[in-house]
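**Q** To start, I am sharing the structure in question, which I have written as structure tokens.
What follows is calculated from the coordinates using simple rules that are stated; it is not laboratory data. Please read all numbers here as calculations on a predicted model, not as lab measurements. Neighbour counts run over all protein chains shown; Cβ positions are idealised from the backbone, glycine included.
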Amino acid sequence: MAILISPSVLNSDLSNLAGEVGRIGAADYVHLDVMDNHFVPNLTFGLPVVEKVIASTGLPADVHLMIEDPDTWAPAYAEVGAASVTFHAEASTAPVRLARELRRLGARAAIALRPATDVAAYLDLLPEFDMVLVMTVEPGFGGQSFITGTLPKIRRTRDAITALDRDIWVQVDGGVSRETIGEAAAAGANMFVAGSAVYSAEDPNGAIEELRTLATAAYRD
């Protein structure tokens with residue numbers, strides 16, 4: 001399973017997104033957090049900005065929708081070229097139908113779970129998704145501390161995927177740093193969203209490579 005680093009621009013200079021994305025050429029994806037100030041208590045940017053970012057970079061876009069009614073709005077992000085579109089289980093009324101629509105439009109379909117959301121209800125549906133995002137902080141703000149209580153959920157998710165023998169990624173988002181990435185990788189995560197750990201570094205690309213090395217050394221299948 002490939003180890004992938006997807007830096008979040010939430011901790012970058014949002015007034016210069018194209019320039020900030022240009023600082024992370026060593027990344028595998030660029031993580032774009034779309035927040036609507038309803039599903040989460042924060043407001044970032046929407047479809048027009050995401051479309052511009054996608055047009056300005058060669059990095060594939062990993063779009064994380066922290067919004068109400070993703071069943072209506074998520075397909076548009078696939079239509080403008082997002083490589084992966086993640087929607088929240090807590091916000092979608094028809095997650096399987098939405099995942100199938102995202103795949104039809106050419107994007108990887110991913111489902112996100114808040115820290116307190118049990119993964120058990122979704123294990124039988126895993127083949128419908130290309131990725132499961134286990135939030136390791138409460139969604140809405142960058143710079144929060146990693147919630148170690150999410151590690152058993154990461155393990156259960158990876159164990160279920162391994163039993164299916166499917167190529168489904170497990171992503172973690174929140175508090176990912178040099179100190180925490182090994183724990184998450186050892187639990188079975190293989191895709192890591194890192195914001196401040198990358199953008200607060202003097203050398204963002206060096207930070208990405210270090211995170212990738214640490215995760216690779218710790219990863220368990």
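**Q** What full-extension length gain, to one decimal in nm, is calculated for Ala218 and Ala2 as 0.36 nm per residue of separation minus the Cα-Cα distance?
**A** 76.5 nm
**Q** For the chain, what size does the Cα cloud have along each of its three principal axes, sorted from largest down, in whole Å?
**A** If we take the Cα atoms of the chain, the spans are 42, 39, 29 Å.
**Q** Pull out the extension gain between Ala121 and Ser56, defined as 0.36 nm times the separation in residues minus the alpha carbon to alpha carbon distance; nm, one decimal.
**A** Result: 19.6 nm gained on full extension.
**Q** Return the distance in nm (one decimal) between the two label points of a simple spin-label model at Asp71 and Phe141, each offset 7 Å from Cα along Cα→Cβ.
**A** Here the modelled spin labels are 3.2 nm apart.
**Q** Next question, about the same structure. Once you place label points 7 Å from the Cα toward the Cβ at Arg104 and Ser200, how far apart are they in nm?
**A** The answer from the label model is 4.4 nm.
**Q** Roughly speaking, what is the stretch gain from Ala18 to Leu47, that is 0.36 nm per residue apart minus the C-alpha to C-alpha distance, in nm to one decimal?
**A** Extending this stretch completely gives an extra 8.9 nm.
**Q** How high is the relative contact order of the chain, given as a whole-number percent (alpha carbon pairs under 8 Å, six or more residues apart)?
**A** 20
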